[in-house]
Amino acid sequence: MAIPLRYNIRNLKLRKSATIMTALGIALTVTTAIFILALLAGLNAAFRLSGNALNVLVLRKGSNAELAAGGVDRDALPIMKDLPGVARDAQGEPLVSGEDLLVVVLPRNDGTGETNVTVRFLTATGIEMRPETKLVAGRWFTPGQHEIVVSQSIHNRFAQANVGDTMWIGKGPWTVVGVFDAGGTAHDSEIWGDVNQLAADFDRTFYNSVLLRATDPVAADALKNRVNDDQRLKLNGMLETDYWAKQTSSGNPIKFVGMIVAVIMAIGSCFAAMNTMYAAVAYRSREIATLRVIGFSRPSILASFVLESVLLSLLGALVGILLMLPFNGMTTGTNNPVTFSEAVFSLRMTPSVIGSAVLFALVMGLFGGMAPAWHAAQRQILASLRD
Amino acid sequence: MSTAMALNTATETKVVQARNVSKVFQRDAFQVKALDDVSLEIATAEFLALMGPSGSGKTTLLNMIAAIDRPSSGELLVLGQNVFRLSDGQSARWRNQHIGYVFQTFNLIPVLTAFENVELPLLLTKLSARERRDHVMTALKLVGLEERVHHLPKQLSGGQEQRVAIARAIVSDPTVLLADEPTGDLDGRSATEILEILKRLNQDYHKTIVMVTHDPHAASYAHLTRHLEKGMLLPA
Amino acid sequence: MTLARFVRKNAFRNKRRSILTLLSISFSLLLLTVMMTIWRAFYMSDGTSESAERLIIRHRVSLGQFLPIAYRERIRSVPGVKNVVNQTWFGGQYKDDKPENFFAQFGTDPNEIFDVQRDFHIPQDQLEAWKKDRAGCVVDAELAKKHGWKIGDRLNIKGTIFPFDLELTIRGMFTAATPTETVYFNNTYVDEGYPKMKGFVGFFGVLADSPESVPQVAKAIDAMFRNSDRPTKSESEKAFNLDWIAMLGNVKGFILSICGAVVFATLLVSANTMAMSIRERTREVALLKTLGFTRATVLALFMGEAVSLAALGGLVGALAGSVLVYGMARSPQMGLFLTGVTINAPTMLVAVLVAATVGVVSSIVPAFNASRGNIVEGLRHIG
């Protein structure tokens, strides 16, 4: 039978100032860890949500990014529309979308300079193939017009991105006619316009990429292979989900720096927790001896102090989580190295982020408490009674 | 199994059997003899007072009986058992079952109430919460503190604290009660109360009590007084 | 025994606690040092003096859009321009897409690149050999060391942005003050490999005649192409680099919030330790006062103890930080952002000062309380 938990809780309450300071220190560390994990979770979610398992993305052979020089010849589109396994919409039109991408420089509205933003040119079919995308203001662009729609986050983060504003894209001004929400996908970092208008402006003979919708997941895989193997096409097909999953690598610098920061802070906090627990052990030396005389074994003393340290760190985790809650959902952006343009995403405190943070604190508590608890359990009863 | 059998038969007659027990401390270059060839037998239901000046080895002997100190040489059986053969965990369990210990400085856990302090040893048993409650209340009634169950140690007087400590020592119904200067920190009236309680525990409940003291008034409550000097037990 | 000695003895009276505190503070200050170094490298360094004379001219819209090679001679005509060289980011893959195999490849003009990049040094004979080989390249000597390349080795780069692969021969190695992770090859290779790109290049590097003329040169170049089909954006090399950093996201805010968290955490650790250590010595303080120590001396004793402990932690942290920065600057994940970054003495000094200040702030309340305490009560205090 263990030493009751309330014994630890009351002792933590008794040494209020030490408990608060140590827990706050741990809370700061947990806050940092949550911040980084939430950033990564948001980034991963943006890329993961972006891919549809039924969609096959087609690029020029040898290319692995939509925004590369060269692309898919416009003549290849009819061939792809006739491939078996391609899904059709209600009107019987094949769900195939040839798309172009451009990068434009937009000034941020907080005055911190300019950022590259991806502009995607597509048709109504392309919009239809992304059902997660909803219009939230204005209307969709009209084919054959210099009109664009911007994503909600572009609208929020950049100047000149309100309905009625104009943007210089390529050779002329395009008017913003609507705002859309792409449901947390990578398209939330994009601006959309009419692909045929762009082709007319630039006299383009190719698409940057083509998106195909398959009738079912098995067909998607077959479609991918069919595109790759077709000698006429000389193209590279891949599942859209795989394409986006690859781009999560844009979170690598954050991950790398973040992990270093979190681990170093955690080590510092461990030492601080150790200090507090050693002081607690020293302060309660005689109590520990008394417990031993009553008949509590060394393992139960050990367990009790480790538990106290873990309680302390969990308190820290709780405070840390509360400190970070107001930032949940905050939107930020980073550079996507594949497109050289901004990937917008939001801080997501998912259950797994919270779980990891609690686990992180738990490990700190365990490490911080182990040595002092061992010290407490190893002390000779006699020596402690004399203290 | 054989140790358990020996234990049962031995409890009939002798609680403590010490033969030529010595304890030597190494203090830097010097050897200090805390106990020097002590032989002593304590019978069941005895109330023994150990007297002697400070440093005479009385607490060392008491701690050996509680299995928290061990002899350098000689043999010591407590309840027929050579407790120093027990592992750390076994001796903790053994203490919990057979020994009640009362300290000079009470050593109550400051964050626990009187009730919880007394309940502590019972947490190591298989008793249900309800049974534990009954035992704790019995023990507290015995020391006359049933009114102050939910007080924290700092809300009690010294005498009351020591009565809680005695309740804690007897709550698991041990055979032996060891008391190390139980009245050392108390005023005269409280001391008398404590000694009366110990006397009653010995008379009515047949607890074997070994009490270390240097106060002749305290010793007068015991049946038998033995003196230690410089580690040696003086003839009775 | 002097008072300073007394302070030192006290600071390490509870060795374990002092060491744990020291370690805890050092780890925090280590982070602070690293963050300050990154900040300095990103926002405060002026780079080499040569770098201050350089500009980057790119398409106004983005690096992904190209400029006509014809701009080169027009830029050269701008007053204050000494040299102009075209560069095109190839962005190919060496071996695989692992980050440790990532480095920059630029198509450029071997005749002028080292006139613009005057801080890069290459033996004359190697440069001549490169000029003669259209499929030749020169590599950063550090990069060559990392991959074990020798002069004459073949270097195959798979095109990802461009629809063709490079098959290069290493003709020379250049050295730079800081590692560049760069391979330069002859741009005619791009012209031939991908005819659609013929006549177009990625951006221009310009060497101005003095750092002072850089702003005017930039203005003049942008004015020259303002109304053309492909307008330019000219900026100093430093501003160009800052643009890259800005693309990473809110780096400033990130660094500042980490620094804030670290300093606050250090403060908590230090305050906790001092509170524990002073409480344990309540009796001793009373004794010191009985002996005739004034309040001010007692206050100074405790604060001196906290400050020396914290400052020592700061020093240890700063030293450990320089080791970490050394490692990070060489790691594949961070390589491009932190190449050649090292910690300097002022940064370390700031770290120690921050730590010492934390020591003062954290000890002031407990030390003041101790110095004010009642002697009689203090002497009675147990613990």
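The values are calculated or read from the model by the stated rules, or taken from the named source; none is laboratory data. As the structure is a computational prediction, the values presented were derived from the model and not from experiment. With ideal geometry, Cβ positions are generated from the backbone for all residues, glycine too; neighbour counts draw on all protein chains shown. Just so you know, the surface numbers come from the protein's heavy atoms only, side chains and all, with ligands and any DNA or RNA stripped out. Shrake-Rupley method; radii C 1.70, N 1.55, O 1.52, S 1.80 Å.
Structure values in brief
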item: Candidate aspartates and glutamates for bridging to A:Lys61, where Cα separation is under 13 Å - those fewer than 8 sequence places away on the same chain excluded; result: A:Asp73, A:Asp229, A:Asp230, C:Asp165
item: Residue-averaged [θ]222 nm for chain A, counting only DSSP H segments that reach four residues, each worth -39500 (n - 2.57); result: -16500 deg cm²/dmol
item: Shape parameters for chain C, alpha-carbon atoms, Rg then Dmax in Å; result: 29.3, 95
item: Average other protein chain Cβ within 10 Å of Cβ, residues B:109-115; result: 5
item: Peptide C:270-277 - average C-beta neighbours from other chains (10 Å radius); result: 5
item: Degrees between helix B:88-98 axis and first principal axis of chain B (Cα, 0 to 90, nearest 10); result: 60
item: Segment C:61-230, accessible area per residue, ligands and nucleic acids excluded (1.4 Å, Å²); result: 44
item: Pairwise centroid distance, computed over Cα atoms, of segment A:129-161 with segment A:199-272, Å; result: 23
item: For segment C:155-226, fraction of C-alpha pairs farther apart than 15 Å, in %; result: 71
item: Residues with amide H under 5 Å from that of A:Glu190, placed H, sequence gap 5 or more; result: A:Ser151
item: Global form of segment B:100-187, assessed from the alpha-carbon gyration tensor, a/c cut-off 1.5; result: oblate
item: Positive minus negative residues near A:Gln380 (Lys, Arg vs Asp, Glu; Cβ under 10 Å); result: +2
item: Kirkwood hydrodynamic radius (C-alpha pairs) into Stokes-Einstein, segment A:258-387, 25 °C and 0.890 mPa s, D in µm²/s; result: 144
item: Paired Rg and Dmax values of chain B, which use every Cα atom, in angstrom; result: 17.6, 55
item: Stokes-Einstein D in µm²/s, Kirkwood radius over Cα pairs - chain A at 10 °C with 1.306 mPa s viscosity; result: 65
item: Spatial extent of the protein assembly as shown: Rg and Dmax, with the Cα atoms as the point set, Å; result: 39.9, 121
item: The protein assembly as shown - percent of accessible surface contributed by carbon and sulfur, probe 1.4 Å; result: 58
item: Buried area at the A-C interface (accessible, heavy atoms, 1.4 Å probe, summed, Å²); result: 4300
item: Candidate aspartates and glutamates for bridging to C:Lys131, where Cα separation is under 15 Å - those fewer than 8 sequence places away on the same chain excluded; result: C:Asp109, C:Glu112, C:Asp115
item: Highest-first arrangement of B:31-37, C:358-364, where packing means the average Cβ count within 10 Å; result: C:358-364, B:31-37
item: Residues whose placed amide H lies under 5 Å from that of A:Ala137, excluding near-sequence neighbours; result: A:Val179
item: Helix axis angle, A:298-324 relative to chain A longest principal axis, alpha carbon, degrees; result: 40
item: Cα-based helix-to-principal-axis angle, B:188-205 vs chain B, degrees rounded to 10; result: 80
item: Under the span-like rule (Cα at least 27 Å along the axis, Kyte-Doolittle mean at least 0.5), DSSP H helices of chain C; result: C:15-39, C:251-280, C:295-329, C:345-372
item: Which listed pairs, of C:Lys150/C:Lys198; B:Lys126/B:Lys199; A:Lys255/C:Lys252, have C-alpha distances above 20 Å, in listed order; result: C:Lys150/C:Lys198; B:Lys126/B:Lys199
item: 1.4 Å probe accessible area per residue over segment A:149-193, in Å²; result: 30
item: Buried area at the A-B interface (accessible, heavy atoms, 1.4 Å probe, summed, Å²); result: 2300
item: Accessible area (Å², 1.4 Å probe, nearest 10) - C:Ile221; result: 0
item: Lysines with Cα under 22 Å of A:Lys13, excluding same-chain neighbours fewer than 8 positions away; result: B:Lys154
item: Cα-based convex hull, segment C:61-230, per residue volume (Å³, whole number); result: 125
item: Surface accessible to a 1.4 Å probe, A:Glu287 within the full protein complex, Å²; result: 20
item: Local net charge near C:His59, Cβ-Cβ under 9 Å (Lys/Arg +1, Asp/Glu -1); result: +4
item: Residue-averaged [θ]222 nm for chain B, counting only DSSP H segments that reach four residues, each worth -39500 (n - 2.57); result: -10500 deg cm²/dmol
item: Minimum 40 Å² accessible area buried by the other protein chains, segment B:120-143 residues, probe 1.4 Å, relative to alone; result: B:Leu120, B:Leu123, B:Leu124
item: Peptide C:190-199 - average C-beta neighbours from other chains (10 Å radius); result: 1
